[in-house]
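The values are calculated or read from the model by the stated rules, or taken from the named source; none is laboratory data. Not measured: the values here are computed from a predicted model. No Cβ is skipped: glycine too gets one built from the backbone with ideal geometry, and neighbour counts run over all protein chains shown. In case anyone asks, the SASA skips ligands and DNA or RNA and just uses the protein heavy atoms, side chains included. Shrake-Rupley method; radii C 1.70, N 1.55, O 1.52, S 1.80 Å.
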Amino acid sequence: MTEQQTIDIARLPVMGEAAQQSYPTATLYVVATPIGNVTDITLRALHLLALADVVACEDTRKTGALLQRFGLSKQTIAAHMHNEREVADKIVERLRGGQRVALVSDAGTPAVSDPGARIVDAVREAGLNVVPLPGPSAAITALSASGLVNDRFHFVGFLPAKTKQREAALSALVRETSTLVLYEAPHRIVECVEGLLAVFEPTRQVVFARELSKLFEEVHRCPLSEALGWVKADQHRERGEFVVLVEGAVLATD
């Protein structure tokens, strides 16, 4: 196939398989969306989004743009951290009316350090159906490329923004033997590394996964002692969302 040739996705046999799946009505579908590269969306997610009566999302503009990339025009409703409880009741009403409701976040899997958990809880409390559509996750993507050999991980998510609270949260994790998975915003990455240095031994391996699946993706592994130097070596490294992985503790045995 030449670079000029394109594939008509709608005509691929696998799309027919996606259409043959069961998509019951009166169901909340928790749909993972790309964390950066738009082509990471799954065929099942595309088909469900085409079927959905409404899409509940963090930012209607971002989700609207994503839908337009795939030629979809759908009603969207805002479902973010400030209105999650209120919109949950409205979603329950829609489901009781027999609708299919897709729940998405701005990127990745909803309800994982993103809004969605309260909505899912409310739908389950109402005795209604919830179906997850698996797909992109920044945490799992970073772990898969880290090379940290551990069959367990501890998902921490975002650390507190204030220094004392952040260091207290990290201190509680010093003896955790699982790989630690942190999310961090670019404007706090330096403070995050300084917090790690204040609490953990400098020989711990740390992995920085930045801009995953995007054009300027970086996955860098180094001892914690070298981490601050690496971040500060390039001003671009203080941009883009981060997943930070910290090697688990190796406890002395008797």
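In a fully extended conformation the segment linking Q20 and K214 would gain 66.6 nm over its present Cα-Cα distance, using 0.36 nm per residue.
With the convex hull of the Cα atoms taken as the outline of the range 112-254, the averaged projected area works out to 10.8 nm². Can you tell me how the range 38-125 classifies by the Cα gyration tensor, rounded, prolate or oblate, using a/c under 1.5 as the rounded cut? Judged from the Cα gyration tensor, the range 38-125 comes out prolate (a/c at least 1.5, a/b above b/c). Expressed in Å, the radius of gyration and Dmax of the Cα atoms of the range 123-195 are 15.8, 46. Of the listed values [x] 18.5, 65; [y] 16.2, 49; [z] 20.6, 64, grab the one calculated as Rg and Dmax of the Cα atoms in Å from the structure here. Recomputing Rg and Dmax of the Cα atoms in Å here gives the entry labelled [z]. With contributions of -39500 (n - 2.57) from each DSSP H run of at least four residues, the per-residue ellipticity at 222 nm computed over the chain stands at -10000 deg cm²/dmol.
Counted over the range 97-254, the DSSP beta bridges are approximately 75% antiparallel.
When all alpha-carbon pairs of the range 196-249 are counted, what percent fall beyond 15 Å? Numbers along the way, then the final one.
Details: 640 of 1431 pairs.
Result for the distance tail: 45 percent.
Each label was represented as a point 7 Å from its Cα along the Cα-to-Cβ direction; for K162 and V250 these points are 3.7 nm apart. Taken along the Cα-to-beta-carbon direction at a fixed 7 Å, the label points for E226 and R96 span 6.0 nm.
Protein heavy-atom accessible surface, 1.4 Å probe, per residue over the chain: 54 Å². Residues whose amide H comes within less than 5 Å of that of S178, counting only those at least five positions distant or on another chain, are A249 (H built at 1.01 Å from N in the peptide plane). Highest average first, the peptides 45-57, 106-118, 208-220 ordered by how many other beta carbon atoms sit within 10 Å of their residues are 45-57, 106-118, 208-220. Remark: the S73-V174 segment gains 31.5 nm on full extension, using 0.36 nm per residue and subtracting the alpha carbon distance.
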